[in-house]
Amino acid sequence: MNSVSIDKKVPSFTSQATSEQTITLSDLQGKNVVIYFYPKDSTPGCTTEGQNFRDLIAEFEAANTLIFGVSRDSLRAHENFKAKQAFPFELISDPDETLCKLFDVIKLKKNYGREYMGIERSTFLIDSEGVLKQEWRGVKVKGHVDEVLAAAQAL
């Protein structure tokens, strides 16, 4: 499966998400979609990033934009994280890395001298026709959600 590229239609996918939902990209036509990949539930950067999306949810909704967070965590971990942070959007569980591979976000990372393959914090903005309009890779959390919102509002 090729990975996504700007100004190309994103291949439809179906994934399991919180609230017992099955998310199918092709079913979301007519709405802009933000998919943000993050390394792990309940870690400081990932929590802050999710809170930033949560705090701007009304602005994203006004811009006809849905938000989905994705990591390799289990649905149970996602449900706990979502409930604890009161996220008003669903979290997609990607334990087999199907979405991670489609969006090419699995990268070699280093932590305390240890190398491993992990999710590079990345965000993708898909327009209402299912076309990838913008991507942010190697994201730094501070100020990021504001940039994504501005891009969604510009669609």
- With criteria (1) free of Cβ contacts under 8 Å to residues at least 40 places away in the same chain; (2) among the polar types (S, T, N, Q); (3) part of a helix (DSSP H, G or I), Thr22 comes up short on (3)
- Where residues in segment 48-78 are buried (at least 18 other Cβ atoms within 10 Å of the Cβ) and hydroxyl-bearing (Ser, Thr, Tyr), which of them is nearest to Lys107 (Cα to Cα)? Ser71
- Verdict on Val145 being surrounded by 20 or more Cβ atoms within 10 Å (Cβ to Cβ), free of Cβ contacts under 8 Å to residues at least 60 places away in the same chain and touching a helix residue (DSSP H, G or I) at 6+ places or on another chain (Cβ under 6 Å): no
- Out of all the residues in segment 34-47, is one or more charged (D, E, K, R), in contact with a helix residue (DSSP H, G or I) (Cβ under 8 Å, 6 or more places away or on another chain) and part of a loop (DSSP other than H, G, I, E, B)? yes
- Task: State which residue is most open to solvent (accessible area, probe 1.4 Å) when the search covers only segment 15-25 and only residues that are among the hydroxyl-bearing types (Ser, Thr, Tyr) and within 16 Å of the chain's Cα centre (by Cα).
- Result: Thr22
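The values are calculated or read from the model by the stated rules, or taken from the named source; none is laboratory data. Here the structure is a predicted model, which means the values were calculated and not measured. Note that each Cβ is placed from the backbone with ideal geometry, even for glycine, and that neighbours are counted across all protein chains shown. Only protein heavy atoms, including side chains, enter the accessible area calculation; ligands, DNA and RNA are left aside. Shrake-Rupley method; radii C 1.70, N 1.55, O 1.52, S 1.80 Å.
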